[in-house]
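For reference, the structure discussed in these notes is given below.
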Amino acid sequence: MRALWKGVLSLNANVSSEMVAAILILTGTIFSFLSAIGIIRLPDVYTRSHAASKSSTLGVLFTLFGAFLFFLFADNFFSIRLLLGIFFVFLTAPISAHVICRAAYRSSVEMSSTSVRDDLKGALRKEQEDA
Amino acid sequence: MIEIILMLSLGFLALSMMATIFRLVIGPTTPDRVQALDLLGINLISAVAIFSVLLNTHAFMEVILLIGILSFIGTIAFARFMERGVVIERKRLK
């Protein structure tokens with residue numbers, strides 16, 4: 001790792017800054033890979049929602065920011081469309097995770113047997129009694 | 001060196017998309033499958049970004065925005081369909 005950094009720093013300034021962008025992109029895809037492991041391994045849809053929304057959003061943010069830095073350093077191109085893509089993903093990923101979890105609960109998908117508490121059950125029953 | 005790193009990250013991304021497609025196929029309920037589709041769209045966004053860095057072109061930026069918007073709208077429509085049975089609700093006054 002130290003040899004890699006020494007190799008990075010000994011290159012000229014342009015190539016080393018592009019290398020920073022490439023390492024950001026690699027970090028982002030590693031986060032995506034970890035979220036895919038979470039998608040495979042976790043027991044039910046509510047716990048899988050953590051892996052599907054949080055870590056994959058972080059991964060795609062790292063990747064898009066790495067691409068943004070690459071175009072900024074390589075050919076001095078300030079890509080407002082990439083920034084808009086970052087903003088849009090950051091805005092919509094939590095909303096879609098929330099909506100999927102809400103639809104799953106309302107269409108009565110079972111929680112896994114290792115879950116310990118379900119606060120929404122009592123609240124929903126109270127709401128139905130009131131209505 | 002940069003191309004090697006980008007190829008490596010494309011490999012990681014392909015592995016994670018394969019895992020997501022596995023969940024899309026085996027997912028026991030409908031929300032699992034919709035969640036996997038959403039994650040597939042997000043992974044596709046980063047794949048397009050890596051490809052545009054690899055080919056050194058600016059042509060794919062609109063594709064990133066389009067995939068993001070279409071995946072979001074598809075997720076919302078699927079969730080609406082799972083919750084209420086219809087995508088577009090009509091409220092009539094009686």
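Details
- The range B:33-63 - residue that is more than 13 Å from residue A:53 (Cα to Cα) and among the β-branched types (Val, Ile, Thr) and, of those, nearest to the chain's Cα centre (by Cα): B:45
- All positions within the range A:72-84 that are surrounded by 20 or more Cβ atoms within 10 Å (Cβ to Cβ) and modelled with pLDDT of 90 or more: none
- The range B:47-65, residues that are assigned to a helix (DSSP H, G or I) and either loosely packed, with under 14 Cβ neighbours inside 10 Å or touching a Cys at 6+ places or on another chain (Cβ under 7 Å) (or both): B:62
- Hey, residue A:53 more than 7 Å from chain B (Cβ to nearest Cβ) and crowded, with 23+ Cβ neighbours inside 10 Å or not: yes
- Scanning the range A:98-131 for residues that are surrounded by 11 or more Cβ atoms within 10 Å (Cβ to Cβ) and among the β-branched types (Val, Ile, Thr) yields A:99, A:100, A:109.
- Scan of the range B:1-46 for residues that are part of a helix (DSSP H, G or I) and of a type in the set (Ser, Thr, Tyr), ordered by number: B:9, B:16, B:20, B:30, B:46
- Selection from the range B:40-68 of residues that are at the interface with chain A (Cβ under 7 Å from one of its Cβ atoms) and of a type in the set (A, V, I, L, M, F, W, C): B:42, B:45, B:49, B:50, B:53, B:61, B:64, B:65
- Single condition residue B:91 does not satisfy, out of (1) farther than 16 Å from residue A:30 by Cβ; (2) part of a helix (DSSP H, G or I): (2)
- Scanning the range B:68-84 for any residue that is under 13 Å from the mean Cα position of the chain (by Cα), over 24 Å from residue A:65 (Cα atoms) and not β-branched (Val, Ile, Thr) turns up at least one such residue.
- Single condition residue A:95 does not satisfy, out of (1) within 8 Å of chain B (Cβ to nearest Cβ); (2) surrounded by 19 or more Cβ atoms within 10 Å (Cβ to Cβ): (2)
- Residue B:26 being farther than 24 Å from residue B:60 by Cβ, hydrophobic (A, V, I, L, M, F, W, C) and either buried (at least 24 other Cβ atoms within 10 Å of the Cβ) or more than 7 Å from every other protein chain (Cβ to nearest Cβ) (or both): yes
- So residue B:56, is it on the phi > 0 side of the Ramachandran plot and of a type outside the set (Ser, Thr, Tyr): yes
- No other residue among A:39, A:23 is at the interface with chain B (Cβ under 9 Å from one of its Cβ atoms), of a type in the set (Val, Ile, Thr) and surrounded by fewer than 19 Cβ atoms within 10 Å (Cβ to Cβ) apart from A:23.
- Between B:80, B:23, the distinction of being in contact (Cβ under 8 Å) with a residue 12 or more places away in the chain and basic (Lys, Arg) belongs to B:23 only.
- Residue tally, condition of a type in the set (Lys, Arg) and away from every other protein chain (no Cβ under 12 Å), over the range A:98-129: 4
The values are calculated or read from the model by the stated rules, or taken from the named source; none is laboratory data. In this text the structure is predicted, and so the values were computed from the model without any measurement. Positions of Cβ are backbone-derived with ideal geometry, glycine not excepted, and every protein chain shown enters the neighbour counts.
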